[in-house]
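The values are calculated or read from the model by the stated rules, or taken from the named source; none is laboratory data. Note that the structure is a prediction, hence the values are computed from the model and not measured. Here the Cβ is made from the backbone with ideal geometry for all residues, glycine too, and neighbour counts use every protein chain on show.
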Amino acid sequence: MRRARIAFPIATLLLALLSGIAFRALSRPRFEGGASHDMAVDDKAPRTRLPSLPAEMEPAETLAQAPAPAAEEKPPEVLRPRLHPRDPKEWQGMLVDVAHPQWCEQTQQCGMALTCRNSQCLPCSSASDCGSGEDCVLDHCVKQDKVECRRNAECGGPSKACILSGYSAGPRGNETMKAYCLDTASGQAQTVAEWQARQPKPDGDGRPQVPTSPTTEDDLLGRL
């Protein structure tokens, strides 16, 4: 009788404990597949990558392993001209730069009074290289009606040179270009006869012609 009195409270206590455990298990939320929220996380599940630290907060050993900065780029190379040679006895102006010739199909497409040879705009060497109505003078195609000379020997004097007047604004660059002789001498002494020839001619009395009175501005305006 005494044992029954002791066993009854113990059985009651165990029954209450089991009931509480069962109630707690039934009240937990269930996820897909029947797993509870407090189950171990699957190691094979994808994980979110944490953002990396700024460069100033990286460890010293990480910064040491960083690649070296790229070397500074070199400045672009300057394109140097390559002038087409000309006879040193001739005028050395307007030499043609042939370092980077323009592409062409025919001579009329070339500017700077050049000719089209081998699909490139280059200096001429003869009249046959130039277009219709043009002649070759000092590596340039000049219109025939504007050619007075082709070389220094045609100018008739050691101090005279055959030169070109310069490029024009047209597509060919030779619309108004002239080839003519220019006396390059300057500062030469003149003879007495040359000086006298430039003096005013005397009148009937043998005296130089000089104005009798100053000419006023009104007189000049009246003669215009």
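Applying the condition of being in a loop (DSSP other than H, G, I, E, B) and among the charged types (D, E, K, R) to the range 75-101 and asking which residue is farthest from R151 (Cα to Cα) yields E77. E105 meets the stated requirement of being acidic (D, E), touching a Ser or Thr at 6+ places or on another chain (Cβ under 8 Å) and surrounded by fewer than 14 Cβ atoms within 10 Å (Cβ to Cβ). Would you point out the residue of the range 80-108, among those that are out of contact with any Leu (no Cβ under 7 Å at 6 or more places or on another chain) and of a type in the set (K, R), that is modelled with the lowest pLDDT? The extreme case among them is R80. With respect to (1) over 30 Å from the mean Cα position of the chain (by Cα); (2) over 16 Å from I163 (Cα atoms); (3) surrounded by fewer than 10 Cβ atoms within 10 Å (Cβ to Cβ), the lone exception for C130 is condition (3). Within the set E105, E72, E90, the sole residue that is without any contact (Cβ under 8 Å) to a residue 24 or more places away in the chain and touching a strand residue (DSSP E or B) at 6+ places or on another chain (Cβ under 8 Å) turns out to be E105.
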